[in-house]
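A short reminder: the numbers here are calculations on the coordinates, not readings from a lab. Just so it is clear, the model here is predicted, and its values are computed rather than measured. For neighbour counting, all protein chains shown are included, and Cβ atoms are generated from backbone atoms with ideal geometry for every residue, glycine included.
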Amino acid sequence: MNQDTVVNLAAQAMSLSLKVAGPLLLVGLVIGLVVSVFQAVTQIQEQSLTLIPKIVGVAVVIVLLGPWMLGQLVSYTSALYTAIPTMVGA
C-alpha cells in the first residue's frame, strides 16, 4: 500500500462522513438559529428551549434519512473490505 492509496482512502472516508453527518448538522444549525432568534425577540433565556427542539429535529432526520445513511456506510465498508486483498498485495 503506497501513500496515494492511503490519501485516497482518507479522502473517501472524510467525504462519506461529511455526506452522512451533513444533514444532521444542518438541521441542528437551522433549529439553533431559529430558536436563538426567537429567544432574542421574546427575551426568554431558558437553556432547555434550545436543547429540546434540536434533539427532536435530529431524531426526525435520523428517522427519515437513517436508511440512506446506513446504506452509504455499508456500501463504503463493503467496498473497503473487498479491496483489502488488492491493497495488501500491492
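Below is a table of values for the structure above.
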item	result
Crossing angle, helix 48-89 versus the chain [Cα axis fit, 0-90 degrees, rounded to tens]	0
Estimated [θ] at 222 nm from DSSP helical runs (n ≥ 4, -39500 (n - 2.57)) normalised by residues in the chain, nearest 500	-33500 deg cm²/dmol
Distance (nanometres) between label positions extended 7 Å along Cα→Cβ at S48 and L73	3.0
On Cα atoms only, tilt of 3-42 relative to the major axis of the chain in degrees	10
Three principal axis lengths of the stretch 3-89 [C-alpha, angstrom, descending]	64, 27, 14
